[in-house]
Amino acid sequence: MSETTDVAEIAVPQMIGLNALTKIIVGYLKAGGEKGGVRSQEVAQLADVNPNNVSINNRFLISIGIIEAEARGLNKLTSAGLNYAQALDWGRLDEAKNILAGTIKNRPLIERALSYVDINKPVSKDDLTGKIASIAGVPNEDRYSVGIRGLIDMMISAGLLTEEKDGNLTTESKPSPKEKPVIPSPSVLETKVQPLNVPVNVTINLGENVDAEKIKSIIRAIRDALSEK
Amino acid sequence: MLPTPQNLIERIRTERGLQFEQAVSDAFNSLGLSSSLTTSTEAESDVIVEALLPESTYFVVVECCAVDDQNEVGYEKLGQLRGSFMYYVADERRQKLGFNNAYKAVVGRPQFSDNAVERAFPDVSLISVDILAELLKLHSKYRFSQEELESIFRVSGQVKSEHLAGVASSYQRRISIYALICLALLSDPYSQDDQRKPFSQIEQVVGSVGTLSNLLQIEYADEAAIRECLRDLQTPFLKLVCVKENMIRLSSLPLSRVPSIAGEIGSELLSRLQEYKQRLERMRNL
């Protein structure tokens, strides 16, 4: 059974990988998609991809906040989508990655995929592909798995996932605070309290009329004071 | 065997078509970048240059165009370049490599039209063959790093000699300081016999270099820069100075041999030293 909860906001790319997805996004920019809605056909022509691949992936691009529907059959870039496409087109790739990460990281599908990797890391691409298909409620078949792999590559490219040398995935690695070397604290070192043996001389001048009980009480008080920690 | 700068300059000045593209690609390779002609299936630009070694990696998509001497490289090349650029940015291999920046450049001969220069802003650098030749010559002397070369591709519009001078200036300043240090360590700066001073206090030498730079009206050499240059001169690759504790003197290496060890930088150091000696001589005569 699928785990879909918010189908309206969850969609995966279909039939195409990251390469074509990137071209489509910049295709929207070239087609004037920052000013108003443009048709998939125009985008496809400028991006040099199949028009069908543009139209079937619009839902995904809407779900991650890159484009928005303006009217039936017309979509335009969102402001984040415009910034992302513009940064790519100008070759400012670091800036583009940051914009992409900021735009997609809180989308329901991405969030759930990231938390899955976070809990189960390291995760293989196949495993994550299956999980994303399950979250999106689509069969794990070629039609979708190609697109889901493109989505995973997009998450890697945005720095949300890290691909390890063996191909497994982990979540964005945050520099962990350096572990402090275990140095016993002074209080731990001094737990053994040695009895204090300090010689103390007390001189008591006794007169003829001194009460013996009073002397005893003085001595007792001195003892008590010395035995206190 | 690697082509010499002279050979590359000759090729970029004379070749046409695919041979011109190959010559441009070879020129970028000789600058220490990874350059190759693009495969015909990838897209339509001619050369891809990659810098994978810096902390901030980058690649450049290059259009090449050589036209007759009486013609100019037009703005049409910009359209082609901008159109094909995304193929290279979207490429999965490059996305996986995680390049930090990507640039567009047109290498052209003999010159660019005014229209092309105007329309190159804000994202295309126009590199004429003359500028590329100048860059090859400077590189053969200074061995620019991939980071330093990036500043050339960052220029939007026509790359000019001033841009190259900006990259070379830190090297030229250092060579001036090297020459001043040598001057400060000679017992008689006016003589041609290069007689060395005995070991002197480093502080004293640093002070002398500062005074000489002031006297010769050379850009002020601060103490930190002088000390850094002193360290350069005692590298095992050159050993031009000897240091004992806090004392320093010129080594026994004959100054005339410096170019054979330090190449063109060595030659420039010697000619700068000679120039400073002559200027001091003129001042004395005044």
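Computed from the coordinates by the stated procedures, all read-outs in this text should not be read as laboratory data. Here the structure is a predicted model, which is why all the values come from computation and not from measurement. Cβ sites come from the backbone with ideal geometry, for glycine too, and all protein chains shown count toward neighbours.
Ranked from highest to lowest mean number of other Cβ atoms within 10 Å per residue, what is the order of the peptides B:92-99, B:7-14?
B:7-14, B:92-99
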B:GLU147 paired with A:ASN106, simple spin-label distance in nm, labels 7 Å along Cα-to-beta-carbon | 3.6 nm
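Starting from the Cα-Cα distance between B:GLU281 and B:SER191, subtract it from 0.36 nm times their residue separation and give me the gain in nm to one decimal.
On the way: separation 90, 0.36 × 90 = 32.40 nm, distance 0.90 nm.
Length gained between B:GLU281 and B:SER191: 31.5 nm.
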Have a look at A:LEU109, A:ASN120, A:GLY159 and report the one farthest towards the positive end of the charge dipole of region A:108-171, computed about the Cα centre with Cβ charges (Lys/Arg +1, Asp/Glu -1).
-> A:LEU109
With each pseudo-label sitting 7 Å past Cα toward Cβ, what's the A:ASN120-B:GLN70 distance in nm, one decimal?
-> 7.2 nm
10 Å Cβ neighbours from other chains, averaged over peptide B:101-109 | 2
Based solely on its DSSP helices, what 222 nm [θ] is calculated for chain B when runs of n ≥ 4 H residues each add -39,500 (n - 2.57) and the sum is averaged over all residues, nearest 500 deg cm²/dmol?
-> -17000 deg cm²/dmol
Between B:LYS239 and B:THR14, take the C-beta separation as r, use R0 = 35 Å, and let me know the FRET efficiency to the nearest 0.05.
-> 0.25
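State whether region B:106-165 is rounded, prolate or oblate according to the following rule on the C-alpha gyration tensor (a ≥ b ≥ c being the square roots of its eigenvalues): a/c under 1.5 gives rounded; otherwise a/b larger than b/c gives prolate, and the remaining case gives oblate.
In terms of gyration-tensor shape, oblate.
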The percentage of Cα-Cα pairs in region A:108-171 separated by more than 18 Å is 24 percent
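Between their Cα atoms, which of A:LYS125/A:LYS165; A:LYS97/A:LYS131; A:LYS23/A:LYS97; A:LYS105/A:LYS165 are more than 19 Å away from each other?
Numbers: A:LYS125/A:LYS165 13 Å; A:LYS97/A:LYS131 24 Å; A:LYS23/A:LYS97 15 Å; A:LYS105/A:LYS165 24 Å.
Beyond 19 Å: A:LYS97/A:LYS131; A:LYS105/A:LYS165.
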Bounding extents of the protein assembly as shown in its principal axis frame from Cα atoms, largest first in Å, are 130, 95, 40
When the convex hull of the C-alpha atoms of region A:7-92 is computed, what volume per residue in Å³ does it have?
-> 85 Å³
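Could you tally the net charge around B:ALA133, taking each other residue with its Cβ under 15 Å from the Cβ of B:ALA133, Lys/Arg +1 and Asp/Glu -1?
Residues close to B:ALA133 contribute a combined charge of +1.
If you count the DSSP beta bridges with both ends in chain B, what percent of them are antiparallel, to the nearest 5?
Working: 16 of 33 bridges.
Counting DSSP beta bridges with both partners in chain B, the antiparallel share is about 50 percent.
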Report the antiparallel proportion of the DSSP beta bridges in the protein assembly as shown as a percent, rounded to a multiple of 5.
-> 60 percent
Other protein chain Cβ atoms within 10 Å, averaged over every residue that makes up A:17-24 = 4
Listed residue (B:GLY207, B:CYS182, B:ALA168) projecting farthest to the positive dipole end of region B:119-255, Cβ model | B:CYS182
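Highest mean first, what order results for B:113-121, B:59-67 on Cβ atoms within 10 Å? Show your work: numbers first, answer last.
Values: B:113-121: 15.8, B:59-67: 24.1.
Those peptides, ordered most packed to least, come out B:59-67, B:113-121.
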Determine, from the Cβ-Cβ distance of B:SER271 and A:GLN45 and an R0 of 56 Å, the FRET efficiency 1/(1 + (r/R0)^6), rounded to the nearest 0.05.
-> 0.40
What ranking, highest mean first, results for peptides B:249-256, B:135-142 when packing means the other Cβ atoms within 10 Å averaged over each residue?
-> B:135-142, B:249-256
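Calculated FRET efficiency, A:GLU164 and B:GLN6, Cβ-Cβ r, R0 41 Å, to nearest 0.05? Could the numbers behind the result be given before it?
Working: r = 47 Å, r/R0 = 1.15.
Calculated value: 0.30.
Calculate the mean, over all residues of peptide A:148-156, of how many other protein chain Cβ atoms lie within 10 angstrom of the residue's Cβ. Walk me through the numbers on the way to the answer.
Working: counts 0, 0, 1, 0, 0, 3, 1, 0, 3.
Average per residue, whole number: 1.
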